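The values are calculated or read from the model by the stated rules, or taken from the named source; none is laboratory data. Since the model is a prediction, treat every value here as computed from it, not as a measurement. Every residue, glycine as well, gets a Cβ built from its backbone with ideal geometry; the counts of neighbours run over all protein chains shown.
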Amino acid sequence: MSTDIKNEWPLWEVFIRSKQGLDHKHVGSLHAADAQMAIENARDVYTRRMEGVSIWVVESKYIHASNPSDAASLYDPANDKAYRHPTFYDLPDEVKHM
Amino acid sequence: MEKGFEEIFQDKIDKEIRIEPKDWMPEKYRQTLIRQISQHAHSEIVGMLPEGNWITRAPNLRRKAILLAKVQDEAGHGLYLYSAAETLGITRDEMYEQLHSGKAKYSSIFNYPTLSWADIGAIGWLVDGAAIMNQVPLCRSSFGPYARAMVRVCKEESFHQRQGFEILLTLSKGTQAQKKMAQNAIDRWWWPSVMMFGPKDDESPNTIQSMKWKIKRFTNDELRQKFIDICAEQIKVLGLIIPDKDLKWNESTGHYDFGKINWDEFWQVVQGNGPCNKERLETRKRAWEEGAWVREAASAYAEKRKQKQSLNAA
């Protein structure tokens, strides 16, 4: 059985807008050979119960993430390219008069 | 130095602060989660097989469409979980290698055969029911991606259980042959479902550490008791019986007493000697091998397009 890991399809992070007016939310990741396949796979995996969606896919290697702010960052060398899921971004509750 | 990080980590756990992929974590926490999440994912994918077996033989079009949707959901659940496991540093190919080589396990319930349409009902009611019992608390598991995957899974899982119960309900109101088919399926799926909760607490060495790290929120026996209590009531609606002559309401404990579990059978199946272990694994390996050309073609095509685009740009 061949498992040529070098040929594994790249990993993509998926963001979905489930309804007009909502922002895209990170929902997870998937493997796909290219962007078109990533979008089609994202539709199959992450939108089976949502209508009128917008899907963003970004190759995981292009996501840059900040380091966790606590002392634990001393333990792991800083690495701002996330292979893993980026930490969920906190949005302010509602932005009023700016 | 390391002790400090352990304390900070445990403090987060105790305060119900979720651990995210880039946070420091004990290596054992990481490895435990990789094993648990990947095996959970494998279970979903292998779990498609016993039910997939009946898609072409569903009694009518509506039931076929529903079963297709359920099996499709299981594929999706597997994918959410693989995706969560990958955040911990294992690759998809490595996980498949572990499954195909037998190094990784999957829930042993899926090593039983589906012999009749009623089995699809029993699986929905009992197997998905047990899974839900296990998965709802996992929505509060300490590792963020796992907990979030579980929230998504639980939303989808409740239709699974209802469709299963509805199948059995329909059969239980049918002909004598249909009632018998339903009871027969319950007779075969009851004990394996009870075993889904794993070994007894005092024979489950990982439980203590998993509870301390809040990977696991309830013990095996706690969940098993809850499941039995609920099913013992639900079966009354079907007018059928649970195949346990020792099943009896205990007024003083407020729970149902139940009979002895055949732990020999449990360990035999876990170790690979169940009715369908070999067949399940061969099916998965064949799917992987026969799909190789698709994976390679897709990669080759993507590479060709990329080169063409950079040539055009130049």
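Here are the numbers for the structure shown:
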read-out	value
Set B:ILE186, B:ILE208, B:ILE235, B:ILE230: member being over 30 Å from A:SER18 (Cα atoms), aliphatic (A, V, I, L, M) and modelled with pLDDT under 95	B:ILE208
Verdict on B:LEU223 being at pLDDT 95 or above, under 18 Å from the mean Cα position of the chain (by Cα) and not charged (D, E, K, R)	yes
Residues of region B:240-274 that turn out to be within 30 Å of B:GLN176 (Cβ to Cβ) and hydroxyl-bearing (Ser, Thr, Tyr), as a count	1
Scope region B:142-193; condition within 14 Å of another protein chain (Cβ to nearest Cβ) and free of Cβ contacts under 8 Å to residues at least 12 places away in the same chain; matching residues	B:LYS155
Matching residues, region B:86-110, being at positive phi and facing another protein chain (nearest Cβ under 9 Å)	B:GLY89
Residues located in region A:8-49, provided they are touching a residue at least 40 places away in the same chain (Cβ under 8 Å), within 20 Å of B:TYR96 (Cα to Cα) and not hydrophobic (A, V, I, L, M, F, W, C)	A:PRO10, A:GLY28, A:SER29
Qualifying position, being assigned to a loop (DSSP other than H, G, I, E, B), on the phi < 0 side of the Ramachandran plot and out of contact with any helix residue (DSSP H, G or I) (no Cβ under 7 Å at 6 or more places or on another chain), among B:PRO205, B:PRO199	B:PRO205
Pairs, first away from chain A (no Cβ under 12 Å) in region B:64-77, second among the polar types (S, T, N, Q) and part of a helix (DSSP H, G or I), C-beta under 9 Å, six or more apart	B:LYS64/B:THR56; B:ILE66/B:GLN163; B:LEU67/B:GLN163
Any helices (runs of 4 or more DSSP H) falling wholly within region B:100-182 and containing at least 3 residues that are surrounded by fewer than 21 Cβ atoms within 10 Å (Cβ to Cβ)	B:128-138, B:144-172
Test: B:ALA298 is within 14 Å of another protein chain (Cβ to nearest Cβ), out of contact with any strand residue (DSSP E or B) (no Cβ under 6 Å at 6 or more places or on another chain) and more than 18 Å from B:VAL194 (Cα to Cα)	yes
Qualifying positions in region B:1-47 - over 11 Å from B:SER142 (Cβ atoms), more than 9 Å from chain A (Cβ to nearest Cβ) and outside any helix (DSSP H, G or I)	B:PRO26
The one condition in (1) at pLDDT 95 or above; (2) surrounded by fewer than 18 Cβ atoms within 10 Å (Cβ to Cβ); (3) β-branched (Val, Ile, Thr) that B:ILE45 fails to fulfil	(2)
Test for A:PHE15: is it surrounded by 10 or more Cβ atoms within 10 Å (Cβ to Cβ) and either at pLDDT 90 or above or among the basic types (Lys, Arg) (or both)	yes
Out of B:LYS12, B:LYS28, sole residue that is among the basic types (Lys, Arg) and either under 22 Å from the mean Cα position of the chain (by Cα) or under 21 Å from B:GLU94 (Cβ atoms) (or both)	B:LYS28
Every residue from region B:217-266 that is touching a residue at least 24 places away in the same chain (Cβ under 8 Å) and at positive phi	B:GLY239
Pairs where the first residue, in region B:281-299, is farther than 13 Å from A:ALA33 by Cβ and without any contact (Cβ under 8 Å) to a residue 24 or more places away in the chain and the second is of a type in the set (A, V, I, L, M, F, W, C) and surrounded by fewer than 12 Cβ atoms within 10 Å (Cβ to Cβ), C-beta under 8 Å, 6+ apart	B:GLU289/A:MET1
Failed item in (1) in a helix (DSSP H, G or I); (2) touching a Lys or Arg at 6+ places or on another chain (Cβ under 9 Å), with B:PRO192 passing the rest	(2)
Residues that are touching a His at 6+ places or on another chain (Cβ under 9 Å) and β-branched (Val, Ile, Thr), drawn from region B:128-137	B:ILE132
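Residues checked against (1) in a helix (DSSP H, G or I); (2) charged (D, E, K, R); (3) within 23 Å of B:GLU203 (Cβ to Cβ):
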| position | (1), (2), (3) |
| --- | --- |
| B:ILE230 | yes, no, no |
| B:GLN234 | yes, no, no |
| B:ASP246 | no, yes, yes |
| B:LYS278 | yes, yes, no |
| B:ARG286 | yes, yes, no |
| B:ARG295 | yes, yes, no |
| B:ARG305 | yes, yes, no |
| B:LYS308 | yes, yes, no |
| B:ASN312 | yes, no, no |
